[in-house]
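Here is the structure we will look at.
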Amino acid sequence: MTTSLVWFRRDLRLSDNPALVEAVREADDVVGVFCLDPALLGPAGDVRRHHLFRTLAALDESMDGNLVVRAGDPTSVIPELAVEVEAASVHLAEDFGPYGRRRDDAVAELVTGAGVELVRTGSAYAVPPGSIENKSGTPYKVFTPFSRAWRDHGWPAPVRRPSSIPWRSAPGDGIPELPDVGEVDLPRAGEDAAGNRLDHFLRAEVEDYDDARDRPGADATSRLSPDLKWGALHPRQILARLGQTAGERTFATELCWREFYADVLFHRPASARESMDDRVGSMPWDRGAGADELFEAWTEGRTGFPIVDAGMRQLLAEGWMHNRVRMITASFLVKDLHLDWQRGARWFMRHLVDGDLASNQHGWQWTAGTGTDAAPFFRIFNPTTQGQRFDPDGTYVRRWIPELAAVPAKWIHAPAGAPDGVPAGYPEPIVDHREEREESLRRYGATR
């Protein structure tokens, strides 16, 4: 009798799981394990931990209660469990993140030293990071040519779930109790819930996605990002069901952005913490008590700019924010409040249910003008006109800012200019956008 150990990480599903398929093919019984790694759980935030634990519960149920959950450093937990169950091999999907690569290399050295084979099969991406290079043999730095090469490269079809999986259990620490997230409204978790969301999106939303995706009041995006984060759904499973309509091609492009940023992080691991454009990154950022007060107003949705405040309140209420509004709120922090992008990125990672290191950090760098293929720093979003353009009737703003419910559409994004002024309970703008725009350009000019 031979035993395989499957180490689940960002692939918390049984369908289209190449590492699982390989483990079943090679062994008479299979032990599935998830390691509660304090290095990753610590910075995750309660919302993301809550969703993870519910996703693990769904996976455990699909495994008839055989998921082994152990807490601790994976470099100890995985080799010890492999020896304990006398595994001939450890199977996992390859991790391309900076920490994940170091961790997996350390585990590989330890398990192979114990006479156990470590097998990497598949990844969390349709096209694994590092697979695509330009004609000069270097990584792409601009999204559009990367996206063309990504489509040309292609990806394999989803693999079938094994018809029978000979699960074997082992003692574990169990799934932790759910963190208290108060009244945060989180989505259902797990493989079945992810599949239902994908079905709904393809049936009801994708046709208009090309036009509707930028309108936060329409709520017309897929909401699949938390499922992609933990691998309850693989991008390959989505791409296999997309056709060639404008909406479907645009959605595939959005999936490509996720893979582009993962590729950038793979080649430039320091970009998770450091600005890729040193010139812009070295600009003077505000510090001190005044800056802290402005940051607190931003985090709580009290800036006096409705589209910004609606986004920040949605983040606290749902652990999620519409992508267009993520860009607007990020631009406001960096270019109106003159606070460094890393500070905002950390806040997002603490509160987002879909917080993904590559997508979050490089999305912030794009808006801040410091990253690969970034918007130029001098492209500064005007939060008022952005609101008027993408939420013209104020549907999104009214949903999250009840103080503005009765404000006419003409003034919903600039209530300070309304004849009756700002409604009671809502703040005046904490800065003058025109003045702060000029200040940002002045600081940028000093770096040239």
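No other residue among A126, A93 is within 23 Å of the chain's Cα centre (by Cα), in a loop (DSSP other than H, G, I, E, B) and crowded, with 18+ Cβ neighbours inside 10 Å apart from A126. Out of A374, A418, A414, one residue alone is among the small types (G, A, S), out of contact with any Gly (no Cβ under 8 Å at 6 or more places or on another chain) and modelled with pLDDT of 95 or more. It is A414. The listed residues are A358, A291, A297, and the only one of them that is surrounded by fewer than 17 Cβ atoms within 10 Å (Cβ to Cβ), in contact (Cβ under 8 Å) with a residue 12 or more places away in the chain and assigned to a helix (DSSP H, G or I) turns out to be A291.
Select from segment 275-288 the residues that are in a loop (DSSP other than H, G, I, E, B) and among the charged types (D, E, K, R) and write down the one among them that is surrounded by the fewest Cβ atoms within 10 Å (Cβ to Cβ). Checking each candidate, the answer is R287. Within segment 383-421, being among the acidic types (D, E) and in contact (Cβ under 8 Å) with a residue 24 or more places away in the chain holds for D391, D393. When W364, W347 are checked against the criterion of being of a type outside the set (V, I, T), in contact with a helix residue (DSSP H, G or I) (Cβ under 9 Å, 6 or more places away or on another chain) and farther than 26 Å from P128 by Cβ, W347 stands alone in meeting it. Of the residues making up segment 422-437, those that are assigned to a loop (DSSP other than H, G, I, E, B), without any contact (Cβ under 8 Å) to a residue 60 or more places away in the chain and more than 32 Å from the chain's Cα centre (by Cα) number 3. If only one of T245, T253 is β-branched (V, I, T), over 17 Å from R10 (Cα atoms), under 16 Å from the mean Cα position of the chain (by Cα) and not assigned by TED's automatic domain parsing to the domain that holds M321, which one is it? Exactly one of T245, T253 is β-branched (V, I, T), over 17 Å from R10 (Cα atoms), under 16 Å from the mean Cα position of the chain (by Cα) and not assigned by TED's automatic domain parsing to the domain that holds M321, namely T253. Against the test of being assigned to a helix (DSSP H, G or I), in contact (Cβ under 8 Å) with a residue 12 or more places away in the chain and closer than 27 Å to R161 by Cβ, the options V69, V47, V33, V24 yield a single qualifying residue, V24. Screening R389 with (1) touching a helix residue (DSSP H, G or I) at 6+ places or on another chain (Cβ under 8 Å); (2) surrounded by fewer than 21 Cβ atoms within 10 Å (Cβ to Cβ) gives one miss only, at (1).
The values are calculated or read from the model by the stated rules, or taken from the named source; none is laboratory data. Since the model is a prediction, treat every value here as computed from it, not as a measurement. As a convention, Cβ positions derive from the backbone with ideal geometry for all residues, glycine included, and neighbour counts pool all protein chains shown.
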